[in-house]
1. Out of curiosity, is residue 222 surrounded by fewer than 20 Cβ atoms within 10 Å (Cβ to Cβ) and either touching a residue at least 12 places away in the same chain (Cβ under 8 Å) or over 16 Å from residue 59 (Cβ atoms) (or both)?
2. Please go through region 1-56 and pick out each residue that is among the polar types (S, T, N, Q), assigned to a helix (DSSP H, G or I) and in contact (Cβ under 8 Å) with a residue 24 or more places away in the chain.
3. Looking at region 231-264 only, could you name the residues that are of a type in the set (A, V, I, L, M, F, W, C), surrounded by fewer than 13 Cβ atoms within 10 Å (Cβ to Cβ) and assigned to a loop (DSSP other than H, G, I, E, B)?
4. Do we have any residue at all in region 149-166 that's at pLDDT 80 or above, crowded, with 22+ Cβ neighbours inside 10 Å and acidic (Asp, Glu)?
5. Scan region 207-219 residue by residue and report those that are crowded, with 19+ Cβ neighbours inside 10 Å and more than 13 Å from residue 12 (Cβ to Cβ).
6. Does any residue in region 248-273 that is without any contact (Cβ under 8 Å) to a residue 60 or more places away in the chain come within less than 9 Å, Cβ to Cβ, of a residue that is surrounded by fewer than 16 Cβ atoms within 10 Å (Cβ to Cβ) and outside any loop (DSSP other than H, G, I, E, B) six or more places away or on a different chain, and which pairs are these?
7. For residue 197, all conditions in the list (1) touching a strand residue (DSSP E or B) at 6+ places or on another chain (Cβ under 8 Å); (2) over 30 Å from residue 30 (Cα atoms); (3) crowded, with 17+ Cβ neighbours inside 10 Å hold save one; what is the number of the exception?
Amino acid sequence: MKTIYFDCAMGAAGDMLTAALLELTPDREAALAKLNALGVPGVRFAAAKAVRSGIAGTQMTVTVDGEEEGEGSARDHGHCCKHGHDHEHEAHCRDHDHEHRRHAHHGMADIEAIVNGLNTSENVRSQILEVYELIAAAESAVHGVPVTEIHFHEVGAFDAVADIAAVCTLMEELAPRRVIASPVNVGGGHVHCAHGVMPVPAPATALLLRGVPMYGGHVSGELCTPTGAALLKRFVSDFGAMPVMAVSAIGYGMGKKDFEAANCVRAFLGESE
């Protein structure tokens, strides 16, 4: 049975899962071109070689309107400029308006409109929305508001839409019959987000991983993001040790930060009983 096994010893994030799956594809250039043809507004995917703790793999970069989305770039930009009359202030407001458009908060209706406009199969569109519904339900429970009132801060920007669409697209391309993952390392410490400083795992991540074997380690940082958790929850049927499998390809999806251990998701593709 065609199987993918994810080693999440350093957690999981959308870009890391994308990079690991990209390395499993037989024609990476064609797969990358397919991602860039999805039509996520303003988005461009790029893949580059990266080394973490002496291990080589692939690191994905997503640019939106030519600018790379940094960590925390989708934080709350809901404040408004006060109106002034000096030119410097007006220029600042125009710059802020541009940033506000790029990082606008999206509700589920906005996400659905973006997803329905993508150049992909109905199956992939459905999977993307299922992932977002998982995230919305977790955010709803955390904040105590109806799903219809949820506006995505960390996960609502176009780069997050791109990450989720990319993983769903590559999973359709590879077409595994079975997806398994290790217990998930969530990291430790605290993380800064739109609502302030929160413990790791962030509340939404913790809810998304409910029922999933997870653990914290000596690494201080957010190793598993809400996007990564939702993608694992959607695609992984079992969490545990790697099954007996004849491995045909191994993918290393690198994170952007350096830790004492190799910051990557490993993906194994092969045949299992």
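The values are calculated or read from the model by the stated rules, or taken from the named source; none is laboratory data. Here the structure is a predicted model, which means the values were calculated and not measured. Cβ coordinates were reconstructed from backbone atoms using ideal geometry, including for glycine residues, and neighbour counts include every protein chain displayed.
1. Numbers: surrounded by fewer than 20 Cβ atoms within 10 Å (Cβ to Cβ): no; either touching a residue at least 12 places away in the same chain (Cβ under 8 Å) or over 16 Å from residue 59 (Cβ atoms) (or both): yes.
Here the answer is no, as residue 222 does not meet what is asked.
2. Going through region 1-56, the residues among the polar types (S, T, N, Q) turn out to be 3, 18, 25, 36, 53.
So of that shortlist, the ones also assigned to a helix (DSSP H, G or I) come out as 18, 36.
Within region 1-56, 18 is the sole residue that qualifies.
3. Matches in region 231-264: 241, 244.
4. Filtering region 149-166 for residues at pLDDT 80 or above gives 159-166.
Among the residues that remain, those that are also crowded, with 22+ Cβ neighbours inside 10 Å are: 159-166.
Next, only the ones that are acidic (Asp, Glu) stay: 159, 163.
Yes, the conditions are met somewhere in region 149-166.
5. Taking region 207-219 first, the residues crowded, with 19+ Cβ neighbours inside 10 Å are 207-209, 214, 219.
Selection gives 207, 219.
6. 248/271
7. (3)
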